[in-house]
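Take a look at the structure set out below.
The values are calculated or read from the model by the stated rules, or taken from the named source; none is laboratory data. All values derive from a computational prediction rather than experimental measurement. A quick note on method: Cβ atoms are made from the backbone with ideal geometry, for glycine too, and the neighbour counts reach across all protein chains shown. In case anyone asks, the SASA skips ligands and DNA or RNA and just uses the protein heavy atoms, side chains included. Shrake-Rupley method; radii C 1.70, N 1.55, O 1.52, S 1.80 Å.
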Amino acid sequence: MMKKNTAKKITGIICGALVTVLVLALLQRLVMPKYMSDVLEGGMIAEYYDERKDHDVVFIGDCEVYENFSPKVLWEKYGINSYIRGSAEQLVWQSYYLCEETLKYEKPKAIVFNVLAMEFNEPQKEEYNRMTLDNMKWSTSKIKSIKASMTGKEHFIEYVFPILRFHSRITELENADFYYFFDKPDVTHNGYYMRVDVKPAENIPEPRDLSNYQFGENAYHYLDMMRELCEKEGVELILIKAPSLYPYWYPQWDDQMKEYADKYGLKYYNFLEDIDEIGLDFSLDTYDSGLHLNLSGAEKLSDYFGNILQNECGISSRKDDGTLSREWEKKIKAYNREIELQYSRMRKGEDVK
Amino acid sequence: MKKRFLVLAAAMVVTASVVTACGSGAAGSNTSGNANSAQASQQTGGEVKTGGDGYIFKANGVSLSPDADMDALKEKLGKEKSVFEAPSCAGQGTAYTYDYGSFTVETYPAEDKKNRIGYITLKDDMVSTAEGIDLSATKDQVKAKYGEPDASSSDTTLIYKKGSMKLEFIFDGASMKSIQYVSSVLA
């Protein structure tokens, strides 16, 4: 009888504990930002996990990759299957760990890294850290990335249990928190964040002199790690600087990247030097005064880079892969639907996103 | 059985309350008004710098300092030659560059949602620091006025730290290229 009572008590405690954990897990899911209203960029990292991981090229980096390159064009014109693992203000160590994680899933022919992030040598802002880290799947790469990224005010435990950080949102919940509780639609097209609107580049300020143009040791350390990892895995690392006009890319920074690429035999393309060849017109091809390209700009740049990837990097067309072609047919339909949707919103005077 | 269920339910409610109620504490003290972009906007939890504790630049009778609220000073400063808007990635506010000809003011979106000054750059010798140094000054003249520079200075830059800002005199060889007032938030 006593044994039966003890067993009942233990069962009760276990059930209680399980229910409490379940409630906390549901609460955590509820209060976690869904990034589905005005800041869509926070959800991008998660979208990669649903992809079939069979890409020829994976882009890694900050907004200068996810807003400036269209994988749809790379596929349509060159048969290159690509994906962009981009996030807002992605720092070099975050790019490294995303690269490390990507190479656990697949072995693309090339990893393309945008070098603007080299300007940062230390952790910057928790808001941006969260957008890159919260939606990574748990792995040693994520753990190391969190540790490398935390500012002095952040705590590792709050990444493990985000409810500890976001609990105060319980009083600020929006419809989106309930609507997207279980599932969220993709906000990108293979990582590309589309914008069809136009805001010409005007009054771009002259660059401010810097007291020191030297990239930091920490930034170089992670770039070295990325280069060594790609070398070990037999994946070509290609360095690029997207043709965004602002923030300013200093010649002194460019020299350092050229020197680095020369030293290690890497390809480095600074597309700011090729604006005319690409055909970019910054009165038409940007939606935010030259910081990022809009759809027409991104498609021009992707066409230009696709030609380089095919002819200089030897990445051949896979248009004869039936399964892949069928996947892309669906993706292109979704891409075209979003173009129509954004133009329709523009015509109504609404925000396109 | 019913009693056990009630105890369990009470435990759940208490747990949920404890977790959510402490939202008014540290992490919640800087909550963004917008829940979706809270995201993490609520987080950084650091104090907001408001400036005025370091070197000050005076223009048109207005005192400007890093971290001061630019929106409160714009009107007094007069019409700028141009303004450049740079929205931060992922809706983290907008930074502006105001060009007044001889000097520019660059701002950053602060945690308190104000448009705070990040950099003031003196670009020609029509303007000078409040201590009387302009771009025609030599390194020796700067040192005579401000004393020995901070250890972080280099061959090309003399740096003076004061309060939560620093003042930089940037040289190209013997001639000065620019003078910058820099917020520690951005440095």
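Structure notes:
- Reported value for the protein assembly as shown: 194 Å³ per residue, from the convex hull of its C-alpha atoms.
- Working note: Karplus 6.51/-1.76/1.60 with θ = phi - 60° gives the stretch A:202-213 the couplings 9, 6, 5, x, 5, x, 7, 5, 10, 6, 8, 9 Hz, where Gly and Pro are set to x.
- Estimated buried accessible area (total), pair B and A, 1.4 Å, Å² to nearest 100: 4100
- Summarising the label geometry, the points placed 7 Å from Cα in the beta-carbon direction at residue B:131 and residue A:259 lie 3.2 nm from one another.
- Taking a Cβ cut-off of under 15 Å around residue B:124, the surrounding Lys, Arg, Asp and Glu residues balance to a net charge of -2, with basic ones at +1 and acidic ones at -1.
- Rg and Dmax [Cα atoms of the stretch B:57-183; Å; Rg one decimal, Dmax integer]: 15.0, 46
- In sequence order, the stretch B:61-77 has phi-based couplings of x, 10, 8, 10, 9, x, 6, 6, 7, 5, 4, 7, 10, 3, 4, 5, 6 Hz under the Karplus curve 6.51 cos²θ - 1.76 cosθ + 1.60, θ = phi - 60°, and Gly or Pro positions carry x.
- Under 5 Å from the amide H of residue B:58 lie the amide H atoms of B:64, B:130, each residue being 5 or more positions distant or on a separate chain, with H modelled from the backbone and absent for Pro and chain starts.
- Cα centroid separation, the stretch A:257-289 to the stretch B:128-187 (Å): 34
- Whole-angstrom gap from the stretch B:93-115 to the stretch A:34-50, using each part's C-alpha centre: 29
- Under 5 Å from the amide H of residue A:112 lie the amide H atoms of A:58, A:59, A:60, A:238, each residue being 5 or more positions distant or on a separate chain, with H modelled from the backbone and absent for Pro and chain starts.
- Placing a pseudo-label 7 Å from each Cα along the Cα-to-Cβ vector at residue A:212 and residue A:144 gives an inter-label distance of 2.6 nm.
- Residues whose placed amide H lies under 5 Å from that of residue B:157, excluding near-sequence neighbours: B:171
- Taking the longest Cα principal axis of chain A as reference, the axis of helix A:251-264 is set at about 80 degrees.
- Hz values of 3J(HN,Hα) by residue in the stretch A:268-282 - Karplus curve (6.51, -1.76, 1.60), Gly and Pro given as x: 9, 10, 9, 6, 5, 7, 10, 4, 5, 5, 5, x, 6, 10, 6
- Helical contribution to [θ] at 222 nm, DSSP H n ≥ 4, -39,500 (n - 2.57), averaged over chain A, rounded to 500: -14500 deg cm²/dmol
- GNM top mover of A:13, A:80, A:111 - chain A, alpha-carbon springs below 10 Å: A:13
- Comparing mean-square fluctuations of A:131, A:257, A:32 from a GNM of chain A with C-alpha springs under 10 Å, the top value falls on A:32.
- Relative to the longest principal axis of the Cα atoms of chain A, the long axis of helix A:322-347 makes an angle of roughly 90 degrees.
- Counting Cβ atoms of other protein chains within 10 Å of each Cβ in A:35-42 and taking the mean gives 5.
- Degrees separating the helix A:295-311 axis from the principal Cα axis of chain A, which is the longest one: 80
- Here residue B:186 and residue B:80 are evaluated by their C-beta separation; at R0 = 22 Å the FRET efficiency comes out at 0.65.
- Solvent-accessible area per residue, Å², over the protein assembly as shown with all protein chains present [probe radius 1.4 Å]: 45
- A Cβ-based charge dipole, computed about the Cα centre of chain A with Lys and Arg at +1 and Asp and Glu at -1, lands at about 2380 debye.
- A Förster radius of 30 Å combined with the Cβ-Cβ distance from residue A:4 to residue A:156 puts the calculated FRET efficiency at roughly 0.10.
- Gain in span if fully extended, residue A:311 to residue A:171, counting 0.36 nm per residue against the direct Cα distance: 44.9 nm
- Accessible surface of the stretch B:57-183, 1.4 Å probe, proportion on carbon and sulfur as whole %: 46
- Residues of the stretch A:192-219 buried by at least 50 Å² on assembly (accessible area, 1.4 Å probe, chain alone as reference): A:203, A:208, A:209, A:211
- If R0 equals 41 Å, the separation of the Cβ atoms of residue A:232 and residue A:341 corresponds to a calculated FRET efficiency of about 0.45.
- Projecting the Cα positions of A:16, A:63, A:82 onto the charge dipole of the stretch A:13-132 (unit charges on Cβ atoms of Lys, Arg, Asp and Glu, taken about the Cα centre) puts A:16 furthest along the positive direction.
- Other residues lying with their Cβ under 14 Å from the Cβ of residue A:159 contribute a combined charge of +2, Lys and Arg counting +1, Asp and Glu -1.
- Candidates A:171, A:132, A:102, ranked by Gaussian network fluctuation over chain A, Cα under 10 Å, top entry: A:171
- Percent carbon-and-sulfur accessible area, chain A, ignoring ligands, DNA and RNA, probe 1.4 Å: 53
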